[in-house]
Amino acid sequence: MPFQLYLIPIAITLRELGIFGTSFGLILLHTVYGVPLTTLLFRNYYVTIQPELMKAAIIDGAGFFRIFFQIILPMSPSIIMVAVILIFTGIYNDFIFSLTFGEVGKQPIMAALNNIVNSTYGVKEHNVNMAATLLTAFPTLLIYLLAGKFFIQGLTSGAVKG
């Protein structure tokens, strides 16, 4: 079944909620589609945390929120960065949802790049196409360069059994 057929129920739902064609509707859509990925990432990361840490905290009298904020959360920056990078990359490179459900007149960056690269105005200008491609890839590349250490650390943290 083509992916486009899945857009119709989404469009009807957003229309019924009164948020079709708004930024809030697009944010809600990306949030709903991002929850399964982040849930899987965080679940697999938190399974690797030793249960003795939680047992010791409970014996010391810590409750759920204290355990979460003082034990779990300080151990989580690498997986948080992995989730941020993956979700940012997915939303930034989104084409179909932004074009279909985004605000009218506000084109996503990938749609603008598609219009530049596939323009039929005479001769193809490969230098312009390459410059546009590099400019659109720059924010994602910058995120990976700045947070690459956390990304590798977060991806490999649950890979080794011990």
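When you scan segment 36-47, do you find a residue that is in a helix (DSSP H, G or I) and farther than 30 Å from residue 145 by Cα, even just one?
Within segment 36-47 (the criterion being in a helix (DSSP H, G or I) and farther than 30 Å from residue 145 by Cα), the answer is no, since none of the residues qualifies.
Out of segment 53-99, which residues are among the small types (Gly, Ala, Ser), in a helix (DSSP H, G or I) and more than 20 Å from residue 147 (Cβ to Cβ)?
Listed by number, the residues that qualify are 56, 57, 98.
State whether the residues of segment 21-41 include one that is closer than 30 Å to residue 105 by Cβ, of a type in the set (Gly, Ala, Ser) and at pLDDT 90 or above.
Taking every residue of segment 21-41 in turn, at least one turns out to be closer than 30 Å to residue 105 by Cβ, of a type in the set (Gly, Ala, Ser) and at pLDDT 90 or above.
A quick yes/no check of all residues on (1) among the β-branched types (Val, Ile, Thr); (2) surrounded by 14 or more Cβ atoms within 10 Å (Cβ to Cβ); (3) under 28 Å from residue 11 (Cβ atoms); (4) under 17 Å from the mean Cα position of the chain (by Cα):
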| site | (1), (2), (3), (4) |
| --- | --- |
| 75 | no, yes, no, no |
| 94 | no, yes, yes, yes |
| 98 | no, yes, yes, yes |
| 103 | no, no, yes, no |
| 126 | no, no, no, no |
| 143 | yes, yes, no, yes |
| 147 | no, yes, no, yes |
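Mind listing whichever residues of segment 57-114 are in contact with a Phe, Trp or Tyr (Cβ under 6 Å, 6 or more places away or on another chain) and over 29 Å from residue 43 (Cα atoms)? Walk me through how you get there before you give the answer.
From segment 57-114, those in contact with a Phe, Trp or Tyr (Cβ under 6 Å, 6 or more places away or on another chain) are 78-79, 81-82, 85, 110; that's our starting set.
Matches in segment 57-114: 110 only.
The values are calculated or read from the model by the stated rules, or taken from the named source; none is laboratory data. Since the model is a prediction, treat every value here as computed from it, not as a measurement. Cβ: placed from backbone, ideal geometry, glycine included. Neighbour counts: every protein chain shown.
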